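Since every read-out is calculated from the coordinates, none of them should be taken as a lab result. It should be emphasised that the depicted structure is a prediction, and the values quoted were computed from it without experimental measurement. With ideal geometry, Cβ positions are generated from the backbone for all residues, glycine too; neighbour counts draw on all protein chains shown.
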Amino acid sequence: MSYHAPLRDMRFVLHELFDISGHCQQLGNGLDRELIDGVLEEAARYAGEVVAPLNRHSDEQGCSLNAGAVITPDGFPAAYQQFVDNGWASMTGPVEFGGQGLPQLLACNFHEMLMGASLSFRVYSGLTEGAVLALHKHGSAELKQAYLAKMVSGQWTGTMCLTEPQAGTDLALLRTRAEPQADGSYQISGSKIFISGGEQDLTENIIHLVLARLPDAPAGVKGISLLLVPKFIANPDGSLGARNALSCGAIEHKMGIKGASTCVMNFDGATGWLIGEANQGLAGMFTMMNDARFQVGLQGLGIGEAAFQGALRYARERLQSRALSGAAEPQKAADPIINHPDVRRMLLTQKTLVEGSRMLAAYCARQLDLEHGAADAPVRKAAGTRAALLIPIIKAFFTDMGQEVASLGVQVYGGHGFIREWGMEQLMRDSRITQLYEGTNGIQALDYIRRKLLGDGGSELSALQAEFSQLCDQQAQRPVLAELAHAMRARLSEWRELSSEVIAMSQRDVQEIGATSVDFLQYSAYVLLAGCWLQAAARAQDALEAGSGEAAFYQAKLHSATFYLRRVLPRASGHREALLGGAACLMALPEAHFAF
Ligand SMILES: Cc1cc2nc3c(=O)[nH]c(=O)nc-3n(C[C@H](O)[C@H](O)[C@H](O)COP(=O)(O)OP(=O)(O)OC[C@H]3O[C@@H](n4cnc5c(N)ncnc54)[C@H](O)[C@@H]3O)c2cc1C
């Protein structure tokens, strides 16, 4: 399946909604519009011409394991080499370690493109950026000196080693041990499962970030430490040293992302070093996980875009039946299926969910940039709090959305969607994992309610809602935007009431935290996307009033916003009603009575 980066829409989001040039100036980075567009075009070429052609074959060939060595699909090593040589790996890396320090607001578009071109291929590099962040923020000067530059350049990749057979969501159960050695290092012993890119043939070294317990560690999550455990131990100057005592014992056979290796990793007294303080490993891991969760959200977005592109192409070509209103193309045997209202419903649902999510991703990326790069400490802190609120929403909603949009892609193709050759079924299989890893979407929803809503009594959420209220006030007087602005204003006041109600319900009965969480997250996401669509519509109207030469593009934004308002946003009401249904009906049925 071909993939073409949605460059016009990306430029709309970056330049017209988020003023990326001004953003770069605020960060002290002198990127101008020409350079930004140049990067986007080169990125689109790499994703579309180098990576996308590998996707189908990688699904069929998969990975193989030969005497502990993983062989990745044909073409992956060469494409990865280009990824390093052309500087794609180092886009966001810290400048003092050879990175380019480019903003997430720009990089997230490249990452979306990669996910849309081949999720399997992106998995190998995806966790390295988070590992770099964790090491940069929490690691010792010696570790940074020895490892960071080559991780930043992409010459070495990073992994995230959390999961064990008995410890998935519940990290308190993990058993991997780290024994202190006289020289300050640790010996790591234990087995990790499901490690993405744990072994591969793309790079000469792999740097594992491993969660383990020290001998005297307290029980539970307060006794977990984070260690850097390399495949090859680096010499102080960063050159390759001795092979470490760790190996890949097996690779998994999976439903999707078959080109990405998912490894059982055995640590047999491997040498490692603490990142951060003993027993404080979760702090470092959260730095990595925050980035990884945002990236997984982008996976849903990238796959959604790819599915929309395929469905749109097919709907324009496939001739079946006449349009209800009479022949649209009488010279043909039948009309293209894009003329049927139900096919339009599917395409517009795909389009508005994907484009709406792209705007929300950019909003969050901007906050992430400010959190790490703003000059003022209060700005950094405020941006970090805002990003933390949004990340579970982005991870869970975008990946549910990606799966829905991929499924709609199959549906638009009819029976052909179920057949391998068209690529739609692969997108559906590939996107399914995104709802599971990096914390299942159920766990994201718990994080959203427990840590983000109840954690501060709802004050950060109120601040976000106030920001969108202001937008409604600004736009409600414009006739073209009035319907959208009034609907958004009504939803905002409903959302405020619902937030208070969820807090009250959770205080009355702790089970309500888990009972309301998924519906509250979904409700929040649909309303947030409505806010993004209002902003897009406002910008489109500005451009039309200014006599833009791209009237069709901006009119399409207005039509899409109206579709979202009338046909997608009403889903929020269903989530509201469901969550108000409460916990009692979930917990009343005795466990023994689930089936007779
Ligand atoms: C292809 C693939 C790649 C992966 N890559 C990595 C990787 O690179 N590194 C790594 O460390 N791990 C990785 N994982 C592991 C992944 O992160 C876990 O599978 C995931 O976090 C869920 O853990 P689990 O599978 O043990 O499910 P469980 O934790 O057993 O969960 C089972 C179900 O119970 C629910 N559940 C559990 N606890 C709660 C709760 N408290 N409240 C409500 N519901 C709950 C879950 O939401 C889920 O629906 C990968 C997994 C796969 C399949």
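Projected onto planes of every orientation and averaged, the convex hull of the alpha-carbon atoms in the stretch 401-527 covers 10.2 nm². Structural descriptor for the chain: relative contact order 12 percent, calculated from alpha carbon pairs under 8 angstrom and at least 6 residues apart. When all alpha carbon pairs of the stretch 156-281 are counted in 5 Å bins from zero, the resulting P(r) reads 2, 12, 21, 25, 19, 12, 7, 2, 0, 0 %.
In plain terms, the C-alpha convex hull of the chain casts an average shadow of 29.6 nm² when viewed from every direction. Relative to the dominant Cα principal axis of the chain, helix 119-138 is inclined by about 60°.
The calculated 222 nm mean residue ellipticity attributable to helices in the chain amounts to -18000 deg cm²/dmol, summing -39500 (n - 2.57) over DSSP H runs of n ≥ 4 and dividing by all residues. Between HIS416 and ALA595, full extension at 0.36 nm per residue minus the direct alpha carbon distance yields a gain of 60.7 nm.
Between LYS254 and ALA327, the FRET efficiency estimated from the beta carbon spacing at R0 = 51 angstrom works out to 0.65.
In degrees, nearest 10, range 0 to 90: what is the angle between the Cα axis of helix 377-412 and the longest Cα principal axis of the chain? Around 70 degrees separate the two axes.
Evaluating 6.51 cos²θ - 1.76 cosθ + 1.60 at θ = phi - 60° for every residue in the stretch 281-291, the Karplus couplings come out as x, 5, 4, x, 5, 5, 4, 5, 5, 4, 5 Hz, glycine and proline recorded as x. Residues in the stretch 491-506 near a label at ALA578, defined as backbone nitrogen under 20 Å from the 7 Å Cα→Cβ point? The answer is 491-492, 494-503, 505-506. Determine the alpha carbon to alpha carbon distance for each of LYS192/LYS381; LYS395/LYS557; LYS192/LYS222 and list only those over 30 Å. Distance filter (> 30 Å) returns LYS192/LYS381. Indicate the gyration tensor shape class of the stretch 1-100 (rounded, prolate or oblate), computed on the Cα atoms with a ≥ b ≥ c the square roots of the eigenvalues: a/c under 1.5 is rounded; otherwise a/b larger than b/c is prolate and the rest oblate. The shape class here is oblate. When a/c reaches 1.5 or more, the comparison of a/b and b/c decides; with that in mind, is the stretch 260-307 rounded, prolate or oblate per its Cα gyration tensor? Oblate is the answer for the stretch 260-307, as a/c is 1.5 or above yet b/c matches or exceeds a/b. This model, with +1 at the C-beta of Lys and Arg and -1 at the C-beta of Asp and Glu, gives the chain a dipole about its Cα centre of some 940 debye.
For the stretch 109-197, the relative contact order comes to 25 percent (Cα pairs under 8 Å, sequence separation of at least 6). Counting alpha carbon pairs within less than 8 Å and at least 6 residues apart, what relative contact order, in whole percent, applies to the stretch 449-588? Over the stretch 449-588, the number comes to 27 percent.
Once a ≥ b ≥ c are taken as the square roots of the eigenvalues of the Cα gyration tensor of the stretch 16-167, is the result rounded (a/c under 1.5), prolate (a/b larger than b/c) or oblate (a/b not larger than b/c)? Here the stretch 16-167 falls in the oblate category.
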